[in-house]
Each structure stands twice: as structure tokens, then as C-alpha cells.
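The values are calculated or read from the model by the stated rules, or taken from the named source; none is laboratory data. Keep in mind the model is a prediction, meaning the values are calculated, not measured. Cβ coordinates were reconstructed from backbone atoms using ideal geometry, including for glycine residues, and neighbour counts include every protein chain displayed.
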Amino acid sequence: MKAEPTLAVVHPDFSQRGGAESVGMCVLETLQTEYDLTLITMSTPDFDALNEYYSTTVDRSKIEVRTHGPQQRPFTTATASTVKRLTGFDCLLLQIAGFYRSVRSVADEFDLLVSTYNELGDCGDSVQYVHHPLFDRSVLPGRAGTDSSVYAAYDRACQFIAGVSFTDQRDTRVLTNSDWMGNRVKQAYGVESTTLYPPIDTDNTQSVSWSEKEQGFVTLGRLSSDKNIQRNIEIIDRLRERGHDLHLHIAGPPTDPEVVTEVTEMAHERPYIKLDGQLSRKEVTALLNNHRFGLHGKEYEHFGMVVAEMSLAGMLPFAHDSGGQREIVNEEQRLLYEDIDDAVEKIHHVLTDSSTQSSLRKSLPDIDSRFGRSRFKEEFRTVVKNSLAD
């Protein structure tokens, strides 16, 4: 009897609970019954908590977990975040570089490496899902240090430590989370990639008719500077000045103390701004399902999971006209804005014209078929099988 192929999924840290971790858990769930599967990571994940958070069914008994890296991690996530806030320096990249170097040293033990957290470079047979290039921030507009020569040197040093280069792509399949990101990866490394949109959980959505939804907005995501929550509040202010009776829910974990303080003060001065804090997945789903409009402030999203979740809930999501989020709304310009003035004008037009609302709702893609989990699993499974067959 032929032995099962040996696969190693590489993901440094599952504690962040972002879009990359959603992909990682979905990949583990997809591969766990078909291959001799190992997870290489920096610390053992809490699979029970992750399964509950992402609505997955990863079985710990079917996966060997290997932890790589120093026993005493030089920077914990919290410490690195504090250092970054105080100095602007991203210490975690150095830690991840060391981790990737250790992974490369054991690559020959497996038939296939599967990275669910960005690029490993040439390392034998591999599938690499790149959410964003780790070691070249210059291709990512809006990222801290994009124009800094110091950061450019730091990125190159970390890339050297990690051993990441793409000189021979014959055994490497690179996947990206959007066409826009695929262009960024090509700019960074000269590498061709295939877009595989990340998995959206479509199982727990409840249909709420448009007439039953509240005439309000939801902003979903971390309370951090890159989310531009203060700008979202100003947009709502300006719309109310035009006579629209609107409210805004802001839901997400408080990650940036300065932003939390400023947003909290703004909310206290405005009874129509509701700070909901970090909600459970069930609460988030209910909030989205029961509101008509989403307002997403982050610029240059790699993909824009939140925008897809808003669309899935039957909302009209307004998002910044940049990055991968444009693909989620089929680059519909009536839903994409460049600045506050543009957002106010476009949203005002939609709010005052029910026929425009109807046509926009019809213009959005079917989220399940285009972004759903079953689609992701089927396509990822095919990529893995083709990689092993070559």
C-alpha cells in the first residue's frame, strides 16, 4: 500500500485571528483527511478556540504540530506591537524571518510545503499563499515605512535571513488573495501568481429583507489608525448635515490606544455613533444582516474580507477606491470613494434614490460561488494535487 504524501503547512502564528489565520484553518481542514499532515508554527495553536472562532473542524489528532524557533521568543506579539507603536519599527518581521529559515532546513522531509502565511521563496516543491509580500513593503501603498531607506534595508536583511528568493519557480506555485495583490507580488519578486480568493463563511447568514433592515451603517474591524474610523465618522456627520437620519455602529477590538481614545470621545459627543466593541461571530453576523449599508475605511486592502462579509449579508458596502476590495464589488464606482467629499456625494445619491439601491444590490457578485469556502477548498485541493503530480 502506497504511503500518503507528507505535507507540511507553514504558518508562524495563529494568535492574530485575521484573514491569514482564516485561510490557514481552512487549509488544515481541507487537507487533514487526505494527507500525512504536519503543521509547522512558532507556538501550538488553541484549535478548540480557533475552530469556534472560524467555524471550522480542524482535528488535532490528525495533525502533527511542530514548533520551530527559539524556546524563548525574542519578541512576543504584544511586545513587538508596543515597540512598533513607540518607534515605528516592525520587530515581528525579524522573528518571522528566523522562523522561515528554520522551516527551510527541514523542507526535504516533506513531499510538499504549503505556506498559508506569505512567501517562502525557492524551497523545493511548494504551494505559497501570499496575502502580501513580507519582505518588500515598497510595493504596498499605505504600509508603514514604504518610502523609508532604513525600512528598505531592514526588509532586505530580513529577507536574507529568511533565505527568500525566487530564482527558479518550476517547483513553486504562488497563490494570491486578489488580482491587485498578484501585481504587487510580481512587482516585488518578478513572480507570476494565480488568484485564489480567500474563504468566506457563508453558512450562518440569515436573509433579512431590504425593507426590514435598519437605515444605518456598520464599520467593522480593529480600532487602529489604518482603518480610518475617524474619517468614517466625519462622513456620517456630513450626511446627517444633508438631512439623512443615519447612525453608525463601530464594531471591533480596541488595538490602538490613541485611536480608541479619540473615537470614544467622538462617539460620546454623537448619540448616533455606537461603539459595540469586540463582538462574537454570531453578534457580528446579526449586526451586518440587520443593516443596509457598510462603510469600510481602510485603504489598499490586500483583499478586504469585511467588504465581502458585508456584501454577503445583503448590505451595500462603500469602500475606498484602492487595493483588492475593488474586486469584491466588481469595481462598481458608485460604491467606491476617493476621499470624504467623494464618499459623501456618492452615498448621498444612493440614499436618495431607491432605484439606484436596487440596481447596486443586483450588481454585486454571488458571494458563495465566488468567495465561499467550498469553492476555496475545491480549488486549493486541486492545486495541491497538481503540485504533487508534477
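A compact table of results
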| item | result |
| --- | --- |
| Cβ pairs under 9 Å, 6+ apart, first in segment 363-376 and polar (S, T, N, Q), second surrounded by 15 or more Cβ atoms within 10 Å (Cβ to Cβ) and part of a helix (DSSP H, G or I) | S363/R334; S363/L335; S369/R375; S374/D368 |
| Scan of segment 160-217 for residues that are over 20 Å from S322 (Cα atoms) and touching a Pro at 6+ places or on another chain (Cβ under 9 Å), ordered by number | Y189 |
| Tally, over segment 309-342, of residues that are among the polar types (S, T, N, Q), touching a residue at least 40 places away in the same chain (Cβ under 8 Å) and more than 19 Å from I229 (Cβ to Cβ) | 1 |
| Matching residues in segment 354-366 - criterion: being part of a helix (DSSP H, G or I), out of contact with any strand residue (DSSP E or B) (no Cβ under 6 Å at 6 or more places or on another chain) and either surrounded by 14 or more Cβ atoms within 10 Å (Cβ to Cβ) or hydrophobic (A, V, I, L, M, F, W, C) (or both) | T356, Q357, R361 |
| Residue ID - surrounded by the most Cβ atoms within 10 Å (Cβ to Cβ), chosen from residues in segment 316-341 that are among the hydrophobic types (A, V, I, L, M, F, W, C) and touching a Phe, Trp or Tyr at 6+ places or on another chain (Cβ under 8 Å) | I328 |
| Pairs, first farther than 10 Å from V218 by Cα in segment 279-295, second modelled with pLDDT under 95 and in a helix (DSSP H, G or I), C-beta under 7 Å, six or more apart | R281/Y53 |
| Test: residue in segment 173-185 that is outside any helix (DSSP H, G or I), among the hydroxyl-bearing types (S, T, Y), more than 21 Å from M310 (Cβ to Cβ) and in contact (Cβ under 8 Å) with a residue 24 or more places away in the chain | yes |
| Selection within segment 139-188 - surrounded by fewer than 20 Cβ atoms within 10 Å (Cβ to Cβ), of a type in the set (S, T, N, Q) and at pLDDT 90 or above | S165, N183, Q187 |
| Unmet criterion (only one of (1) over 21 Å from K227 (Cβ atoms); (2) more than 19 Å from the chain's Cα centre (by Cα)) for S374 | (2) |
